[in-house]
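Values quoted throughout were computed directly from the atomic coordinates according to the rules given, and no laboratory measurement underlies them. All of these numbers come straight from a predicted model, not from anything done at the bench. Positions of Cβ are generated from backbone atoms using ideal geometry, with glycine treated the same way; all protein chains shown enter the neighbour counts.
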Amino acid sequence: MGSVSLTDLKIKIKSTSLVHPPIELERRSMFLSNIDQFLNVDIGTVHFFSSNQAFPPSAVCEAVGRALRELLVPYDFVAGRLKEDPLTGRVEIDCNGAGAGFVVASCERALEDMGDLTCPSPDIVKLVPSKSLLGLEDWPLIVIQVTSFACGGFAMGISNNHIIFDGISLKMFLDNLASLAAGGPLSIEPLNDRHLFSFRSSSSEAIPNPDQVTLDEDIQTMCTAVSTENIQTKLFYLTHSDIVALKHKANAAASTPTHSSFNVLTAHIWRCKLPLPASYTGNGIFIAICTATYRELAEGTLPSVAELVREGSEIVTGEYVRSVIELLEGVPGHHGLAVLGGGFLVTSWWRLGLEGVEYPWGKVLCCMYTGGLGNDVAVLLPDFRGSGGVNILVSLREDEMERFEKLFYDLLK
């Protein structure tokens, strides 16, 4: 059956609520690191599940709501709200127990009506809770929406502020949610002390590879808020054979393989982004920056560009991390994500293990990132077909997407 527009799915909101911790907790202010200050943006994901007779939608909603409520004890900051320290101007989390959002919705259609879930409609964002649903002035740091379908399957849409979770910690949060939903204990105790990445005045050495990257100048360039105007998002799929072929091509000239799958995929994506500004924002919260001229990208081979990516990733050492934290001290960045200005971001959710979370009603059929990082972004996602490939979700300005798509496939040849 062909897929249908989500506007035809007639999603009905059945209830909205705030979930509070089950016990009274001590109110506190939670310190946020210099890195956290730059990640004040909502991120959306949708997790699809097939029907399970032992867990009808009502049972799933009860289990998710109960588990979320229990999680707000070890994750007390998730029920809090952002606030600004009037003296320092820094953003903190007021752990005030104001609550997490929980939305229950239903749909008259079946999951199969949506076609291939790995290539969903851009309207998939409608399965992620929107700010208008709760009618609150202070939007919770996380909101979960469970939407049941006529077939018994359902989707769990999550909107969370990037300040509270990166990809790895979101996966850990979901592991804990799944364990509590099954009536078990926490799968792992969260470590909530953000002082681990606090600024400490010290005799830090210079940033590695100063000829490659002038980091303080790049930090100033990158301090721009996300723009979501005229953005087009498209999913590109590479088979396992495509990945093997790209790695073979990138490593052909080396005596031993030196380029990882991530580096090769990043190089392939980067070569499709022409012309490109002078900065590249790489994997993870601590940014690895590569630079290249237009000519180096236009005339470069996959091995040469992959080498640039490898060199960029290798500068992220412990000393580099400390230096970044020091350079960000006092740089305003709490009004939105500020890691992209002038660059192109490639981030990997490919091997976070989201597809392996053991929910009591079964593993996820498909998990999709629905946006929040703005334009000039590529997100690597798992291949839920089970064939060892990779999904690449690319967000670009509309006038750039056609050229990117052509180069993406031409450069595979």
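Can you give me the relative contact order of region 64-103 as a percent, contacts being Cα pairs under 8 Å and 6 or more apart?
In percent, rounded to a whole number, it is 37.
From zero up to wherever the largest Cα-Cα distance of region 1-116 sits, split into 10 Å bins and tell me the percent of pairs in each.
11, 31, 29, 20, 9, 1
Lys and Arg at +1, Asp and Glu at -1: add these up for the other residues within a Cβ distance under 15 Å of Phe102 and post the number.
Result for the local shell: +2.
Using 0.36 nm per residue, how much length does the chain from Leu365 to Ala245 gain when fully extended, once their Cα-Cα distance is taken away?
Separation in residues times 0.36 nm, less the Cα-Cα distance, equals 40.4 nm.
Excluding same-chain residues fewer than 8 positions from Lys126, which aspartates and glutamates have a Cα within less than 19 Å of its Cα?
By straight Cα distance, Lys126 reaches Asp8, Asp42, Glu108, Glu112, Asp113, Asp116, Glu229.
When ranked by the protection proxy of mean other Cβ atoms within 10 Å per residue, highest first, what sequence do the peptides 348-355, 54-61 form?
The most tightly packed comes first, giving 348-355, 54-61.
Could you give the length gained by full extension between Val73 and Asp85, i.e. 0.36 nm per residue of separation minus their alpha carbon distance, to one decimal place?
Full-extension gain reported as 1.9 nm.
Could you work out the local net charge near Ala378, counting Lys and Arg as +1, Asp and Glu as -1, over the other residues with Cβ closer than 13 Å to its Cβ?
Around Ala378, the surrounding residues sum to 0.
Given the Cα-Cα distance of Tyr294 and Glu137 and 0.36 nm per residue of separation, how much length would full extension add, in nm?
Difference between extended and current length: 52.0 nm.
Using 31 Å as the Cα-Cα cut-off, could you pick out the over-long pairs in Lys131/Lys273; Lys83/Lys363; Lys363/Lys406; Lys131/Lys363?
Flagged as over cut-off: Lys131/Lys273; Lys83/Lys363; Lys363/Lys406.
Can you figure out the FRET efficiency of Ala59 with Gln232, using R₀ = 45 Å and their beta-carbon distance, to the nearest 0.05?
For Ala59 and Gln232, the calculated efficiency is 0.70.
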